[in-house]
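Since the structure comes first, as structure tokens, the remarks are kept for the end.
The values are calculated or read from the model by the stated rules, or taken from the named source; none is laboratory data. Quantities reported herein were computed from a predicted structural model and do not represent experimental measurements. Positions of Cβ are generated from backbone atoms using ideal geometry, with glycine treated the same way; all protein chains shown enter the neighbour counts. For accessibility, only protein heavy atoms count, side chains too; no ligands or nucleic acids. Shrake-Rupley method; radii C 1.70, N 1.55, O 1.52, S 1.80 Å.
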Amino acid sequence: MPQEHLFKVLVIGDLGVGKTSIIKRYVHQIFSQHYRATIGVDFALKVLHWDSDTVIRLQLWDIAGQERYGNMTRVYYREAVGALVVFDVTRASTFDAVLKWKDDLDSKVTLSHGKPVPAVLLANKSDQVCSQQPRLDTFCRENGFVGWFETSAKESTNIEAAARCLVEHILANE
Ligand code: GDP
Ligand code: MG
């Protein structure tokens, strides 16, 4: 019998960066210009047949409404084991907010042994810029992100790769 894991993963970042779009792309393989702002908290489930003896249920927690305050309640963070922190490459202010989101995450949830939950940084809407996103390796190392990806929910770029990276780190903490 395969081993089953249920992992709660948070998708956080400023309003309009593409959190809902990333989840819809990843879970339902769809994209729309017109998502209504999510009200409250929304869930989506992605089942991964990770390997022959591991099935992973990723419970993706979307937010809305509360983004404007730049933080979430502890209830939202409770028992999360990983996070995708998203910014919009076309809006610098959303990158500036990334560390605020990371601090909020780290102040409200830790793993049982006290380590921070793994977080992957997503530079989203990469389809909209011709110039390359500056590399974020140093930024990630210095600020405790386990990795970063240039993503596009619109063109379905790198979202699976980012999720895979996060899951690998989550599994390493099991
Ligand atoms: P949220 O507030 O973070 O959940 O952001 P949404 O998912 O609602 O996206 C905000 C807007 O950005 C919507 O009009 C989306 O269609 C658009 N959007 C999201 N991801 C992308 C992307 O990768 N590329 C482009 N060009 N637009 C995107
Ligand atoms: Mg949304």
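Among helices (runs of 4 or more DSSP H) lying entirely in the range 70-161, which contain 2 or more residues that are in contact (Cβ under 8 Å) with a residue 40 or more places away in the chain and either under 25 Å from Phe7 (Cβ atoms) or of a type outside the set (Ser, Thr, Tyr) (or both)?
The helices (runs of 4 or more DSSP H) meeting that bar are 74-77, 98-108.
Go through the range 117-147 and count every residue that is within 24 Å of Gln33 (Cα to Cα), open to solvent by 10 Å² or more (accessible area, probe 1.4 Å) and within 13 Å of the chain's Cα centre (by Cα).
Of the residues in that region, 0 qualify.
Given the residues Gly114, Gly82, which is the only one that is open to solvent by less than 70 Å² (accessible area, probe 1.4 Å) and under 13 Å from the mean Cα position of the chain (by Cα)? Steps first, please.
Numbers: Gly114 fails: under 13 Å from the mean Cα position of the chain (by Cα).
It is Gly82.
Restricting to the range 63-99, count the residues that are over 26 Å from Glu168 (Cβ atoms) and of a type in the set (D, E, K, R).
Total meeting the criteria: 5.
Looking at Gln133 and the list (1) within 16 Å of ligand 1 (Cβ to nearest atom); (2) modelled with pLDDT of 95 or more, which single condition is not satisfied?
It is condition (2) that Gln133 fails.
Would you tally the residues in the range 72-123 being over 17 Å from Asn158 (Cβ atoms), modelled with pLDDT of 95 or more and acidic (Asp, Glu)?
Counting residues in the range 72-123 that are over 17 Å from Asn158 (Cβ atoms), modelled with pLDDT of 95 or more and acidic (Asp, Glu) gives 3.
Just give me the residues in the range 85-94 being touching a helix residue (DSSP H, G or I) at 6+ places or on another chain (Cβ under 9 Å) and open to solvent by 10 Å² or more (accessible area, probe 1.4 Å), in sequence order.
Val89, Thr90
If you go through the range 30-50 one residue at a time, do you hit one that is under 14 Å from the mean Cα position of the chain (by Cα), over 25 Å from Glu155 (Cβ atoms), away from ligand 2 (no atom under 16 Å from the Cβ) and open to solvent by 30 Å² or more (accessible area, probe 1.4 Å)?
No, the range 30-50 contains no residue that is under 14 Å from the mean Cα position of the chain (by Cα), over 25 Å from Glu155 (Cβ atoms), away from ligand 2 (no atom under 16 Å from the Cβ) and open to solvent by 30 Å² or more (accessible area, probe 1.4 Å).
Return only the number of the condition from (1) open to solvent by 50 Å² or more (accessible area, probe 1.4 Å); (2) in a helix (DSSP H, G or I); (3) in contact with a helix residue (DSSP H, G or I) (Cβ under 9 Å, 6 or more places away or on another chain) that Glu67 does not satisfy.
In the conditions (1) open to solvent by 50 Å² or more (accessible area, probe 1.4 Å); (2) in a helix (DSSP H, G or I); (3) in contact with a helix residue (DSSP H, G or I) (Cβ under 9 Å, 6 or more places away or on another chain), Glu67 misses (1) alone.
Using the structure shown, decide if Asp42 is farther than 14 Å from Leu166 by Cα, more than 8 Å from ligand 1 (Cβ to nearest atom) and part of a strand (DSSP E or B).
Yes, satisfied.
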